[in-house]
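One structure below.
What follows is calculated from the coordinates using simple rules that are stated; it is not laboratory data. Quick caveat: nothing in here was measured; it's all calculated off a predicted structure. Glycine also receives a Cβ, built like all others from the backbone with ideal geometry; neighbour counts cover every protein chain displayed.
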Amino acid sequence: MVAILEAKNIVKVYPNGVVANKGVSISVEENTIHALVGENGSGKTTLMKVIFGIEKPQDGEVFFQGRKVQVKNPHDAIALGIGMVHQHFMLAPDLTVAENLVLGQEPLKNKFVLDTKKAQEITQEISEKYKLPVPPNKKIKDLPLGIKQRVEILKVLLRNAKLLILDEPTSVLTPQETEVLFQTLRELKKYGKTIIFISHKLKEIKEISDKVTVMRDGRIIDTRDANELSEHDISFLMVGRDISYERVSASEAIGEPLLKVNNISFTNEENSPVLKNISFEIKAGEIVGLAGIEGNGQNELVEILTGLRKADKGELFLKQENINNLSPRKLREKKICYIPADRMKNGVAEKTTLEENFIVDRYCQPPFSRGFRLNWKYIEKYSKELIRKFQILAHSSKATVDSLSGGNIQKVVVARELSADPKIIVADQPTRGIDVGSEELVHNLLIDARDKGSAVFLISANLDEIIKLSSKIMVIYQGEIVARFDKIDGIRDVDLGHYMLGLKRGEV
Ligand SMILES: Nc1ncnc2c1ncn2[C@@H]1O[C@H](COP(=O)(O)OP(=O)(O)OP(=O)(O)O)[C@@H](O)[C@H]1O
Ligand SMILES: [Mg+2]
């Protein structure tokens, strides 16, 4: 087999002294799907950024199609036929799909003005060729994540990429969207393309890839044929220990209802009913899981629970207290914590430090401040403790969030929220982008919170996660709770799937 890409002995040291790649060599065969896996912060994204010309390595060589190449910037990479879809998307939200696609190589009218019609034609053409439908005239910000990603992939294909680097493409996708993406990847393989695929999800890695390369702590541990490896082997290679996927038993001590949701309904701007008479309660010591295909009302429900949106009808109670119209800040003061699904939009401020991110919701109180003065000494000590407890890979508590790897940013959000002594935790995709080892850590922390008497509402596209953690499960379909399970033992993901797809309805 011919290698399309070979990187030899890549060394990358960031300006802050972090050695993210410690002499990495990898060979990727032409026309294969090659998975790159490893713990959060092990150096996957860095290696790909070096290959794509975003980061300059201190040492090492890159060969593309047998020829030694100097990739100084993404421009060079694109000219060679390398394309990259990033972990955090890079589309312009206020531009349309067509405008984003042609960005940087715009067809012009009268030399200066964008030829919108031509841009639309280009979009149609490429989207039909690769069977990836997109709405050319819609603005990016109005599209669901799965479609945004499709635009990113089309953008890369439009620039004639032979090698596509996809950095955690599935971490933002639902299982159904992932299936669609995998069909696309198989299709692309038929066109002779090569794909490097980064993921933390073992099942997917097994399903889609031909080869698997495992990284740990800036080095490559091994490259193997995917069919030689079991999911267990992959996770063992990644973290160097066994991970438990056993269902956890329910808490012994179930207390009084903490969160009560009564008959919540919501109709959106387009006048379609998004939530229909949603009622449930979560007791102290319980984790209630919400399963459903994205876009069935989960987002709106979470936004209502966290004060970001108002319901048209219905009531919310924290114990006996009506908390209907409280602001997000007031809800926070009442110890209702929130791990948002989109960490970059709602979770962190990228240019600020870990310390600042940890205290955003608590700096007004002692011991974080005295009078008007912040107690930075204490804040530093506190932050270091969180970094240790949540195993966040950061070189200092004063590091800015944007110097962390994707999974470690997620851990910053989780650490802040779970350390706020929460009564109610709304956990929306809490382990998105987190490696299997850290996933276990976050699961254990959610269970600890539960055992200390918190009520946890878990929304997750990962059914294994819902089944593993929940004491009760609800399924939402088209804005309605269509099934409730009060006993979880023996439930399988396919059982939930039938309700999620609307093929079945339970006794509600
Ligand atoms: N711009 C940066 N400045 C300084 N350090 C960085 C920067 N980007 C990444 N790092 C550090 O380099 C190391 C490797 O990060 P990288 O993003 O490559 O990890 P990763 O394997 O992609 O992890 P994840 O699975 O969480 O996405 C980490 O220690 C990270 O904190
Ligand atoms: Mg990464």
| request: Quickly rank 359-370, 195-206 as a protection proxy: mean count of other C-beta atoms within 10 Å, highest first. | output: 195-206, 359-370
| field | Cα-Cα separations in the chain greater than 40 Å, expressed as whole percent | value | 25
| query | Taking the Cα centre of the stretch 3-239 as the origin, how large is its charge dipole in debye, to the nearest 20, when only Lys and Arg (+1) and Asp and Glu (-1) carry charge on their Cβ atoms? | reply | 640
| request: Using DSSP, restrict attention to beta bridges with both residues in the chain and report what percent are antiparallel, rounded to the nearest 5. | output: 55
| message | As I understand it, the dipole of the chain uses +1 on the Cβ of Lys and Arg and -1 on the Cβ of Asp and Glu, about the Cα centre. Which of Gly292, Ser249, Gln87 lies farthest toward its positive end? | response | Gln87
| message | Given R₀ = 56 Å, what would the calculated FRET efficiency be for Glu256 paired with Lys111, taking r from the Cβ atoms and rounding to 0.05? | response | 0.20
| When the C-alpha atoms of the stretch 1-152 are aligned to their principal axes, what extent does each axis show, in angstrom, from largest down? | 48, 32, 31
| the stretch 302-365 to the stretch 158-184: how many Å between their Cα centroids? | 32
| task | Grab the Cα-Cα distance for Leu95 and Ala349, subtract it from 0.36 nm times how many residues apart they are, and report the gain in nm with one decimal. | result | 89.1 nm
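Report the chymotrypsin sites (Phe, Trp or Tyr not before Pro) located in the stretch 51-121 that are in a DSSP loop and have at most 10 other Cβ atoms inside 10 Å of their Cβ, or state none. Don't skip to the end; give the middle numbers.
Values: sites: Phe52, Phe63, Phe64, Phe89, Phe112; in loops: Phe52, Phe89, Phe112.
Answer in residue order: Phe112.
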| So, with +1 on the Cβ of K and R and -1 on the Cβ of D and E, and no other charges, what is the size of the charge dipole of the stretch 210-324 about its Cα centre, to the nearest 20 debye? | 300
| Helix 175-190 vs. the chain, principal-axis angle (Cα, 0 to 90°, nearest 10) | 10
| field | Partner aspartates and glutamates for Lys504 [C-alpha distance under 19 Å; skip if fewer than 8 residues away on the same chain] | value | Glu294, Glu480, Asp486, Asp493, Asp495
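Calculate, in nm to one decimal, what Trp376 and Glu333 gain on full extension: separation in residues at 0.36 nm each, minus their alpha carbon distance. Before the final figure, lay out each step's value.
Details: separation 43, 0.36 × 43 = 15.48 nm, distance 2.20 nm.
Taking Trp376 through Glu333 to full extension adds about 13.3 nm, to one decimal.
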| Could you state the principal axis extents of the C-alpha atoms in the stretch 1-76, from the largest down, to the nearest angstrom? | 38, 27, 20
| query | What lysines could a cross-link reach from Lys377, if we take a straight Cα to Cα line under 20 Å and drop same-chain neighbours fewer than 8 places away? | reply | Lys389, Lys398
| Cβ-based charge dipole, the stretch 3-239, positive-most Cα from Ile147, Gly43, Thr32 | Ile147
| Cα long-axis angle, helix 406-418 against the chain (0 to 90 degrees, to the nearest 10) | 10
| request: List, in order, the whole-Hz ³J(HN,Hα) value for each residue of the stretch 246-256 obtained from phi through the Karplus relation with A = 6.51, B = -1.76, C = 1.60 and θ = phi - 60°; use x for Gly and Pro. | output: 5, 5, 8, 7, 5, 5, 6, 9, 8, x, 6
| field | Cα-projected label distance for Glu281 with Ala3, points at 7 Å along beta-carbon direction, nm | value | 6.4
| message | Strictly over 18 Å apart at the Cα level, which of Lys276/Lys335; Lys12/Lys49; Lys129/Lys190; Lys129/Lys162; Lys131/Lys345 would you flag in this model? | response | Lys276/Lys335; Lys131/Lys345
| said: Only four residue types carry charge here, +1 at the Cβ of Lys and Arg and -1 at the Cβ of Asp and Glu. Report the dipole size of the chain about the Cα centre in Debye, rounded to the nearest 20. | reply: 1280
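Quote the relative contact order of the chain in percent (integer), defining contacts as alpha-carbon pairs under 8 Å separated by 6+ residues.
Rounded, it is 15 percent for the chain.
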| Among 123-132, 266-275, 340-349, what's the highest-first ranking by average C-beta atoms within 10 angstrom per residue? | 340-349, 123-132, 266-275
| field | Rounded to whole Hz, the Karplus (6.51, -1.76, 1.60) HN-Hα couplings of the stretch 369-375, x for glycine and proline | value | 9, 10, x, 9, 9, 7, 9
| field | Glu246-Ile221 FRET efficiency (beta carbon distance; Förster radius 30 Å; 0.05 resolution) | value | 0.70
